[in-house]
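Everything on this sheet refers to the single structure shown next.
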Amino acid sequence: MSKPDPNTLLTKEEAKARLGIKNDKELYSLIRRGKLRVIKYGKTNPLRFRQLDIAACLEACAVTGGEASPGEKEKEQAP
């Protein structure tokens with residue numbers, strides 16, 4: 001079985017599912033803090049994410065033991 005292409009573009013919903021986050025606010029926070037790169041693509045649904053960037057975000061946001069997704073880690077840090 002071949003590996004998935006790391007340059008495949010994912011929609012916002014697909015990216016949230018891969019990252020384990022539930023709302024747009026968490027996704028936009030990752031983008032704003034520079035943890036996740038975004039590609040603007042088209043006018044009707046402009047945000048796309050490369051699988052490679054999703055994997056890099058997961059790696060950068062990993063918690064020892066793999067207990068928290070990027071969204072959960074962000075919630076823990078919120079005041």
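The values are calculated or read from the model by the stated rules, or taken from the named source; none is laboratory data. Bear in mind the structure is a predicted one, so any value in this text is a computation, not a measurement. Glycine also receives a Cβ, built like all others from the backbone with ideal geometry; neighbour counts cover every protein chain displayed.
Which of (1) touching a helix residue (DSSP H, G or I) at 6+ places or on another chain (Cβ under 9 Å); (2) under 20 Å from residue 60 (Cβ atoms) is the odd one out, the single condition residue 34 does not satisfy?
(1)
Pull out all pairs, ordered by first then second residue, where Cβ-Cβ is under 7 Å, the residues are six or more apart or on different chains, the first lies in the range 30-46 and is closer than 16 Å to residue 16 by Cβ, and the second is assigned to a loop (DSSP other than H, G, I, E, B).
Every condition considered, the pairs that remain are 30/36; 31/38; 35/61; 45/11.
Would you confirm, using the coordinates I've provided, whether residue 47 is at pLDDT 90 or above and of a type in the set (A, V, I, L, M)?
Against the criterion (at pLDDT 90 or above and of a type in the set (A, V, I, L, M)), residue 47 does not qualify.
Which of the residues that make up the range 15-25 are surrounded by 12 or more Cβ atoms within 10 Å (Cβ to Cβ) and more than 9 Å from the chain's Cα centre (by Cα)?
Once the filter is applied, which keeps residues that are surrounded by 12 or more Cβ atoms within 10 Å (Cβ to Cβ) and more than 9 Å from the chain's Cα centre (by Cα), the range 15-25 yields 22, 24.
State which residue is nearest to the chain's Cα centre (by Cα) when the search covers only the range 1-14 and only residues that are part of a loop (DSSP other than H, G, I, E, B) and either over 21 Å from residue 62 (Cα atoms) or of a type in the set (Ser, Thr, Tyr) (or both).
11
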